[in-house]
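Written out below as structure tokens is the structure these notes cover.
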2 protein chains.
Amino acid sequence: MSEIKDKSVDVFLDELASRQATPGGGSAAAVMGAQSAALISMVCNLTIGKPKYAEVEAEMQELLLKSEELRQQLTAMIKADVDVFDKLMASYGLAKETDEEKAIRSAQIQTILKEATLVPLDCAKACAQTIALSRVAAEKGNTGVISDAGVAVMAGYGALKSAALNVYINAGSIKDRAFADEKLAELEVILSGVEVEVEEIYQIVKNKL
Amino acid sequence: MSEIKDKSVDVFLDELASRQATPGGGSAAAVMGAQSAALISMVCNLTIGKPKYAEVEAEMQELLLKSEELRQQLTAMIKADVDVFDKLMASYGLAKETDEEKAIRSAQIQTILKEATLVPLDCAKACAQTIALSRVAAEKGNTGVISDAGVAVMAGYGALKSAALNVYINAGSIKDRAFADEKLAELEVILSGVEVEVEEIYQIVKNKL
């Protein structure tokens with residue numbers, strides 16, 4: 001079966017809407033995050049090489065490297081979300097007749113739940129970075145395409161808050177509370193103050209329109 | 001040239017990131033909005049037909065019709081944004097040597113700017129509707145996939161705020177201020193209180209995880 005990223009936007013949306021369990025919100029969050037990164041790259045690409053923006057050329061080159069790295073990571077997360085969901089479903093489907101089978105199944109579910117917590121947490125981390133990068137794009141990018149920096153911050157924010165929901169779900173079922181609490185604490189650090197940051201960046205853009 | 005919706009997600013992201021002017025933030029907003037609608041449909045599709053949710057079956061059927069209609073509208077807006085941008089660029093490119101040419105060019109730009117204001121305003125309206133529908137999905141949908149209703153509301157919000165930026169840009173250049181002010185007023189009505197609404201719906205979801 002081909003990867004989601006290789007399917008058309010329309011087919012992706014059809015599959016998202018369907019009664020299939022995947023792709024779901026986790027993949028949608030990764031796509032939004034990748035859109036955020038892509039729009040930062042667009043602002044960079046339309047700033048680099050313009051005499052008017054020669055002063056920020058080096059900074060835009062650096063920003064572009066970072067946004068493209070994040071875009072690659074977030075695009076890979078579209079599939080990572082599906083893969084870990086499938087593994088989780090497979091582990092729930094393991095035999096549970098004997099006590100030994102029950103123990104094996106339970107251990108396997110717990111292992112995959114940890115992975116299923118880390119995948120959206122990584123997505124949230126990457127989206128926090130696209131939000132931070134969108135500020136640079138908003139402050140220093142070509143004002144002719146500055147609205148794209150504003151769309152980048154909103155896409156990154158939507159993706160971050162979406163990924164957070166998937167961290168909550170999976171962390172909630174983990175028996176190793178030390179692990180779960182550590183990951184939830186990491187998420188809270190990422191989420192802390194993000195609304196204020198997003199609004200600030202949005203206003204920087206709006207004031208330049 | 002094939003439509004964006006028929007290109008792969010990966011190619012869409014590549015083109016978004018590129019130095020091409022389109023697709024840009026307007027198309028990205030429409031894709032986010034379409035993801036919002038698709039995720040509401042997903043919640044409906046995974047609620048309908050389940051004995052546990054028989055009580056909300058009719059409501060979910062109705063919700064699904066609305067979300068699929070919105071998904072269709074928002075998917076069409078991916079292309080509408082590119083089309084109106086191209087028309088705007090073409091009008092800016094019209095001859096402007098003689099006074100007559102200048103007058104024709106200016107009138108044409110003004111006509112297309114109105115269209116370029118209505119396209120993202122329609123996108124914003126559709127996204128406000130996906131936000132409203134995501135509340136129903138969050139309140140009454142299958143709790144096993146309720147996080148997808150949470151992603152739907154965040155995608156709808158990101159798309160709405162993104163579309164708003166494109167309304168601001170184009171409305172700002174319109175000389176017919178009565179028209180522009182009317183459209184900006186319509187947008188403000190849509191945006192009024194949306195942060196509170198989005199946070200409420202997000203919390204409904206979070207509390208069910």
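Each Lys and Arg contributes +1 and each Asp and Glu -1, all at the Cβ; summed about the Cα centre of the protein assembly as shown, the dipole is approximately 60 debye. In terms of surrounding Cβ atoms within a 10 Å radius of their Cβ, B:Ile4, A:Ile112, B:Ile40 rank from fewest to most as A:Ile112, B:Ile4, B:Ile40. Centre-to-centre separation between the Cα atoms of segment A:4-80 and those of segment B:108-130: 24 Å.
Computed over segment B:35-86, relative contact order equals 41 percent, with contacts defined as Cα pairs under 8 Å that lie 6+ residues apart. Derived value for segment B:8-83: Kirkwood hydrodynamic radius 13.7 Å. Basis is the mean of 1/r over every pair of different alpha-carbon atoms. Can you compute the label reach from B:Glu115? Point 7 Å from Cα along the Cβ direction, backbone N cut-off under 16 Å, restricted to segment B:73-96. The answer is B:77-94, whose backbone nitrogens lie closer than 16 Å to the label point.
Against the compact-protein benchmark of 2.2 N^0.38 Å, the Cα-based radius of gyration of segment B:144-184 scales to 1.72. When chain A is treated as a GNM with alpha-carbon contacts under 10 Å, the residue of A:Ala171, A:Ala107, A:Ala132 showing the greatest mean-square fluctuation is A:Ala107. In a reduced charge model with +1 at each Lys and Arg Cβ and -1 at each Asp and Glu Cβ, segment A:1-139 shows a dipole moment near 220 debye about its Cα centre. Take every Cα pair under 8 Å whose residues are at least 6 apart in sequence, average their separation, divide by the length of chain A, and the relative contact order is 27 percent. Loop-located trypsin sites (Lys or Arg not before Pro) across segment A:1-97 with a Cβ neighbour count of 14 or fewer within 10 Å are A:Arg19, A:Lys96, with loop assigned by DSSP.
Segment B:64-106: which GluC sites (Glu not before Pro) are DSSP loop and have at most 11 other beta-carbon atoms within 10 angstrom? Here the GluC sites (Glu not before Pro) that fit, given the DSSP loop and packing criteria, are B:Glu97.
In chain A, the alpha-carbon atoms span a convex hull of 125 Å³ per residue.
A simple rule links phi to the HN-Hα coupling: the Karplus curve 6.51 cos²θ - 1.76 cosθ + 1.60 with θ = phi - 60°, which for segment B:169-181 gives 4, 6, 4, x, 9, 7, 7, 6, 5, 4, 4, 4, 5 Hz, with x for Gly and Pro.
Computed from backbone phi with θ = phi - 60° and the Karplus coefficients 6.51, -1.76 and 1.60, the 3J(HN,Hα) list for segment A:149-158 is 5, x, 5, 4, 5, 5, 5, x, 5, x Hz; x is used for glycine and proline. Within 10 Å of the Cβ of each residue in B:138-147, the mean number of Cβ atoms contributed by other protein chains is 2. By the beta-carbon count within 10 Å of each Cβ, the least crowded to most crowded order of B:Val43, A:Val153, A:Val167, B:Val56, fewest first, is B:Val56, A:Val167, A:Val153, B:Val43.
One residue of chain B places its C-beta nearer than any other to the axis carrying B onto A; that residue and its whole-Å distance are B:Gly158, 2. Remark: B:Val145, B:Val84, A:Val196, B:Val31 ranked as A:Val196, B:Val145, B:Val84, B:Val31, counting other beta-carbon atoms within 10 Å and listing the fewest first. Karplus-based coupling profile of segment A:187-200, in residue order and whole Hz: 5, 4, 4, 5, 6, 4, x, 5, 4, 5, 4, 4, 5, 4, with θ = phi - 60° in 6.51 cos²θ - 1.76 cosθ + 1.60 and x standing for Gly or Pro.
Restricting the GluC sites (Glu not before Pro) of segment B:117-192 to loop positions (DSSP other than H, G, I, E, B) with no more than 11 neighbouring Cβ atoms within 10 Å leaves nothing.
None of the figures in this text is laboratory data; all of them are computed from the coordinates on show. Owing to the predicted nature of the structure, the values given are computational and were not obtained by experimental measurement. With ideal geometry, Cβ positions are generated from the backbone for all residues, glycine too; neighbour counts draw on all protein chains shown.
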